[in-house]
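Engineer: Handing you a structure now.
The values are calculated or read from the model by the stated rules, or taken from the named source; none is laboratory data. Small disclaimer: the values here were computed from a predicted structure and weren't measured. Using ideal geometry, Cβ is built from the backbone for each residue, glycine included, and neighbour counts are taken over all protein chains shown. Side chains included, ligands, DNA and RNA excluded: accessible areas come from the protein's heavy atoms. Shrake-Rupley method; radii C 1.70, N 1.55, O 1.52, S 1.80 Å.
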Amino acid sequence: MCERPSLRAVIFDVDGTLADTERDGHRPAFNDAFAMHGIDVTWDPEQYGRLLQMTGGRRRIAAELHRLGYAEAERRAAEIHATKTALFRDRILAGEVLPRVGLRSLLSSLADTGITIAVATTGRRAWVEPLVDQLIGHGVADAVLTGDDVEQLKPDPEVYLKALDRLGIAAEQALAVEDSSVGLRAAVAAGIATVVVTNDYTRAQDFAAAAAVRAGYGGPQSLTAAMCQRIHRQWWGR
């Protein structure tokens, strides 16, 4: 009988996972960037929730500009996205983005147990790194992979495969923490057991492929290092 793999690293997504960034973080930054570039577009919370099915902020902007018939949509999208990134980074540095409740307790538990912490997102490094520093702590994550490190965005598994390579571990030795079906597909495609911690935008999505689904980090089944180990062990003991 083969020995079950032990859990060596937990790899976190960022948006919606470390913090509830989408509705009141990215969305208003997009809207402010549109206004600064003279584009009459305002994404309300419901519309933005639908747009999240498309990964990549610049792709969302370009799709909107194409839909509205703007000339040079791709070039304009790149410019608007650069402005949006700078605006969101300013919000981060001002301390306006807070960690999800219970996240820091999980991080402390993982550190106390000797389980490596890593980050795998396809968000841009310009805002990911300062956000990770604020939410997790500078240097706490052994690897931080961003959209600048890959050619393909989630649900492609590239960012997770590169994270595994950076950590020097096999997929069977990791547990991913995601918040969306797109992120879940990326982690599962890389062969990683995945816990989904849902938010308002994602709770109704399909998470049949997840090892576990939680509404938050706390509650009756709080995510701790021991719980992560149990979920991981049960997944590979199927």
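Engineer: Here are Arg124, Arg59: which of them is under 20 Å from Leu153 (Cβ atoms) and surrounded by fewer than 18 Cβ atoms within 10 Å (Cβ to Cβ)?
Structural biologist: Residue meeting the stated conditions: Arg59.
Engineer: Any idea how many residues of segment 151-166 are in a helix (DSSP H, G or I) and surrounded by fewer than 19 Cβ atoms within 10 Å (Cβ to Cβ)?
Structural biologist: Residues in segment 151-166 being in a helix (DSSP H, G or I) and surrounded by fewer than 19 Cβ atoms within 10 Å (Cβ to Cβ): 3 in total.
Engineer: Sticking with this structure for a sec: What pairs come out if I take residues in segment 91-113 that are among the acidic types (Asp, Glu) and pair them with residues that are open to solvent by less than 80 Å² (accessible area, probe 1.4 Å) whose C-beta lies under 8 Å away, six or more apart or interchain?
Structural biologist: Partner pairs satisfying both residue conditions: Glu96/Gly25; Asp112/Ala225.
Engineer: Can you tell me which residue among Gly114, Gly49 is at pLDDT below 95 and surrounded by fewer than 21 Cβ atoms within 10 Å (Cβ to Cβ)?
Structural biologist: Only one candidate qualifies: Gly49.
Engineer: Anything in segment 204-238 that is of a type in the set (A, V, I, L, M, F, W, C), open to solvent by less than 20 Å² (accessible area, probe 1.4 Å), in a helix (DSSP H, G or I) and closer than 21 Å to Ala186 by Cβ? List them, or say none.
Structural biologist: Cys228, Ile231
Engineer: Which helices (runs of 4 or more DSSP H) does segment 36-125 wholly contain that include 1 or more residues that are closer than 20 Å to Ile136 by Cα?
Structural biologist: Output list reads 73-93, 103-113.
Engineer: Consider Thr17 carefully, then state whether it is outside any helix (DSSP H, G or I), open to solvent by less than 70 Å² (accessible area, probe 1.4 Å) and either β-branched (Val, Ile, Thr) or at pLDDT below 95 (or both).
Structural biologist: yes
Engineer: So in segment 32-73, with the set limited to residues that are under 17 Å from Gly147 (Cα atoms) and small (Gly, Ala, Ser), which one is farthest from the chain's Cα centre (by Cα)?
Structural biologist: Gly57
Engineer: Assuming Leu131 fulfils every condition listed in (1) farther than 21 Å from Gly183 by Cβ; (2) assigned by the TED database to the domain that holds Gly218; (3) not small (Gly, Ala, Ser) apart from one, which condition is it?
Structural biologist: (1)
Engineer: Which one of Pro5, Pro28, Pro45 is within 30 Å of Thr224 (Cα to Cα) and not charged (D, E, K, R)?
Structural biologist: The unique qualifying residue is Pro5.
Engineer: Does any residue in segment 207-234 that is touching a residue at least 60 places away in the same chain (Cβ under 8 Å) come within less than 6 Å, Cβ to Cβ, of a residue that is of a type in the set (Phe, Trp, Tyr) and crowded, with 20+ Cβ neighbours inside 10 Å six or more places away or on a different chain, and which pairs are these?
Structural biologist: Here the result reads Leu223/Tyr217, each pair linking segment 207-234 to a residue that is of a type in the set (Phe, Trp, Tyr) and crowded, with 20+ Cβ neighbours inside 10 Å.
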